[in-house]
Amino acid sequence: MSFDRSPALESQPTTYRRSDDPEYRDDPEFSRFSESLSEQLFSLTSKIGRLSQQINLLGTKRDTERVRERVHDLLEETRDGFKEVGEGVKKLGAWEDLSASQKYTQQKLSREFQASGTEFQSIQRLAIEKERASATAARTALDSNDPSAPYSDSPSKQQSQLQEQDQLRLASQDEVDFQDSLIVERESEIRNIEQSVGELNELFRDVAHIVHEQGAQLDTIDGNVQNVATDTRHADLELRSASRYQKNARGKACCLLVILAIVLVIIVLAVVMG
């Protein structure tokens with residue numbers, strides 16, 4: 001680039017440089033934004049791994065309220081993270097005037113977000129299943145201890161029910177209320193997860209549409225690259241052929257010059273001797 005063009009380039013707006021100057025390829029804002037999204041996706045992947053470990057503890061002997069709190073917190077954090085990154089991926093998908101490498105980065109992040117989102121949705125559904133099973137079992141156990149339950153016609157069963165009611169009277173009503181509040185809390189958590197699944201499904205559909213469009217663009221770019229490669233090979237063959245032709249032409253020219261020189265020498269000698 002000539003230094004004489006510097007004042008003219010400095011007076012041009014940045015948008016002109018990116019769109020009209022083929023030598024200008026760098027876009028620091030795109031690089032910073034894509035790197036930030038990549039780091040956020042890595043963080044989400046790490047949270048998904050921890051969340052999967054905690055959800056696998058639900059319904060086992062290691063299932064505690066602390067485990068359920070961690071599951072709840074990780075679900076909330078990961079859910080909010082996906083919403084934020086999803087909006088970023090949509091913004092990146094609308095970025096204009098990108099080079100081939102930037103378009104590759106654009107699609108790569110979109111596909112990684114889509115893959116991580118699919119994994120998170122599967123984990124959320126597993127959490128719903130385990131929470132629902134736990135709530136159902138707890139509700140059944142609580143209802144089976146209900147003193148207002150009807151008596152059975154069988155004398156043995158009536159005796160068993162009387163014993164259960166006696167044991168229930170010995171239990172603290174506060175404990176019963178506490179268990180009931182836990183069941184209500186789990187049922188509320190199930191509804192929240194189900195709502196989140198629906199919200200994220202819409203976001204993932206938008207990103208899937210973007211990935212589809214980017215794939216079509218990359219197919220076009222790949223086709224153009226292949227065409228350029230083919231044209232380059234043809235041009236190389238033509239250059240090699242032209243080079244050989246030029247070498248042959250130089251050889252013939254040298255032979256003609258030698259013959260002309262010999263003829264000149266003969267003519268000169270003939271004139272001198274004559």
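The values are calculated or read from the model by the stated rules, or taken from the named source; none is laboratory data. These numbers were taken from a predicted model, which means no experiment stands behind them. In this analysis, Cβ positions are derived from the backbone assuming ideal geometry, glycine residues included, and neighbour counts consider all displayed protein chains. The protein model used for the area step is the full one, side chains on, heavy atoms only, and it has no ligands, DNA or RNA in it. Shrake-Rupley method; radii C 1.70, N 1.55, O 1.52, S 1.80 Å.
In region 48-63, the residues that are over 30 Å from Phe113 (Cβ atoms) reach residues that are part of a loop (DSSP other than H, G, I, E, B) and not acidic (Asp, Glu) with C-beta atoms within less than 7 angstrom, at least six apart or across chains, in these pairs: Asp63/Leu57. Would you confirm, using the coordinates I've provided, whether Gln40 is open to solvent by less than 70 Å² (accessible area, probe 1.4 Å) and at pLDDT below 50? No; evaluated as a whole, the condition is false for this residue.
Could you count how many residues in region 69-99 are within 13 Å of Phe30 (Cα to Cα), of a type in the set (A, V, I, L, M, F, W, C) and either open to solvent by less than 60 Å² (accessible area, probe 1.4 Å) or within 11 Å of the chain's Cα centre (by Cα) (or both)? So the answer is 4. Residues in region 108-139 that are touching a residue at least 12 places away in the same chain (Cβ under 8 Å), open to solvent by 60 Å² or more (accessible area, probe 1.4 Å) and of a type in the set (Asp, Glu): Glu112, Glu119. When Arg25, Arg32 are checked against the criterion of being open to solvent by 90 Å² or more (accessible area, probe 1.4 Å), farther than 17 Å from Glu129 by Cα and at pLDDT 90 or above, Arg32 stands alone in meeting it.
Looking at Thr78, Thr105, can you tell me which residue is without any contact (Cβ under 8 Å) to a residue 60 or more places away in the chain and among the β-branched types (Val, Ile, Thr)?
Thr78
Kindly establish whether Val207 is at pLDDT 65 or above and over 20 Å from Val67 (Cα atoms). So Val207 passes the test.
Quick check on my filter: what residues within region 250-274 are at pLDDT below 75 and of a type in the set (A, V, I, L, M, F, W, C)? Residues satisfying the conditions do not exist here. When restricted to residues that are modelled with pLDDT under 90 and open to solvent by less than 60 Å² (accessible area, probe 1.4 Å), region 53-67 contains 2.
You will find that of Glu238, Glu213, Glu202, Glu164, the residue that is modelled with pLDDT of 80 or more, in a helix (DSSP H, G or I) and acidic (Asp, Glu) is Glu202 and no other.
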